[in-house]
Amino acid sequence: MASLLLVRHGQIRANVQGRWHGSTDSPLTWRGRSQASRTGRHLASTELRPTHIYSSPLQRCRDTAERIARPLGLAAQVDENLREYAIGEWEGMRFDELAERHDFVSRASQDHNFAPPGGESLAAVSSRIVNAVQQIHQRHEDELEARVMLVSHGAVMAVLLGQLLHQTPSRWIDYHFANCSLTELVLSPAPYVNFFNSTQHL
């Protein structure tokens, strides 16, 4: 197994409102549930069909993973380290507010140890998501037919790509994942993205 299929969770209300939810738990919207079900039906009929599914512990990911897993006859496993980038007291704020009042993205990108009050630093997020992905990969690397899917969040997966592809989490700003988009990350012999943010199935 040399690649992973990355899937962002389905739509939640905060996505429509342009708010950062991070570790805040919230359910899928009707559209989000539909996106997840369509993703499952699509994967069941393609060569991308996963054999293992891992999910963030947050409700929006668990529900997405379960709806994808159902037509595949699989059960999703929860991995705590696939959770979203938590920004503590600033969660629930709109992205424009985070920029105007706190210059959050720039501060985090320039100082990887900067953390919002009660939140995580970019360095900490990068360390946990890279370690989680490496552990999952190692768990299945000797399984010739294994195809592993991770259901996670937009920011933390962007941090993952920044670190693995460019050796810096600062490049997270270059990657935007649409809800229930598909991205194939090849890990060996060197990390690269085979396809990114595919939404044709939706």
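The values are calculated or read from the model by the stated rules, or taken from the named source; none is laboratory data. Quantities reported herein were computed from a predicted structural model and do not represent experimental measurements. Please note: Cβ atoms are built from the backbone with ideal geometry, for glycine as well, and neighbour counts cover all protein chains shown. All accessible areas refer to the heavy atoms of the entire protein, side chains included, with ligands and DNA or RNA removed. Shrake-Rupley method; radii C 1.70, N 1.55, O 1.52, S 1.80 Å.
Efficiency by 1/(1 + (r/R0)^6): what FRET value for Ala190 and Val130, r their Cβ-Cβ distance, R0 = 22 Å, to the nearest 0.05? List each step's numbers first, then the result.
Numbers: r = 15 Å, r/R0 = 0.66.
That gives a FRET efficiency of 0.90.
How much of the DSSP beta bridge set in the range 1-156 is antiparallel, as a percent to the nearest 5?
Details: 2 of 13 bridges.
DSSP beta bridges in the range 1-156 are roughly 15 percent antiparallel.
Modelling each spin label as a point 7 Å along the Cα-to-Cβ direction, I'd like the Arg70/Asp174 distance in nm, to one decimal.
A separation of 3.8 nm, rounded to one decimal place.
Give the carbon-plus-sulfur fraction of the accessible surface of the chain in %, rounded to a whole number; probe 1.4 Å, heavy atoms of protein chains only.
Values: 4170 of 9300 Å².
Carbon and sulfur atoms account for 45 percent of the accessible area of the chain.
Test of understanding: what is the full-extension gain from Ala146 to Val105, defined as 0.36 nm times their sequence separation minus their Cα-Cα distance?
Details: separation 41, 0.36 × 41 = 14.76 nm, distance 3.61 nm.
Length difference between fully extended and current span is 11.2 nm.
How large is the translational diffusion coefficient of the chain in µm² per second when you combine the Kirkwood radius over alpha carbon pairs with Stokes-Einstein at 10 °C and 1.306 mPa s?
Rounded to a whole number, D works out at 94 µm²/s.
Among the helices of the chain (complete DSSP H runs), which have Cα atoms covering no less than 18 Å along the helix axis and a Kyte-Doolittle mean of at least -1.0? Don't skip to the answer; put the middle values down first.
Numbers: long enough: 30-44 (22 Å, -1.42); 122-140 (27 Å, -0.01).
Membrane-span-like by this rule: 122-140.
State in Å² the accessible area per residue of the chain; use a 1.4 Å probe, count heavy atoms of protein chains only, and round to the nearest integer. Don't jump to the answer; show the numbers that get you there.
On the way: 9300 Å² over 202 residues.
Heavy-atom accessible area per residue stands at 46 Å².
In the range 148-202, how does Rg compare with the Kirkwood Rh, expressed as the Rg/Rh ratio over alpha carbon atoms? Write down the numbers at each step before the final one.
On the way: Rg = 10.9 Å, Rh = 11.5 Å.
Dividing the radius of gyration by the Kirkwood radius yields 0.95.
Of Leu187, Thr46, Ser152, which is farthest on the positive side of the dipole of the chain, counting Cα position, with +1 on Lys and Arg Cβ, -1 on Asp and Glu Cβ, and the Cα centre as origin?
Thr46
Using a 7 Å offset from the Cα along the Cα-to-Cβ direction at both Leu202 and Ala2, what is the distance between the two label points in nm, to one decimal?
About 2.9 nm separates the two model spin labels.
7 Å from Cα along Cα→Cβ at both Leu165 and Trp30: what's the point-to-point distance in nm?
Label at Leu165, label at Trp30, 3.5 nm between them.
Using the crude model of +1 on Lys and Arg Cβ and -1 on Asp and Glu Cβ, and no other charge, please compute the dipole size for the chain relative to its Cα centre, in debye to 20. The partial results should precede the final answer.
Numbers: 20 positive and 21 negative charges, 147 e Å.
With Lys and Arg at +1 and Asp and Glu at -1, about 700 debye.
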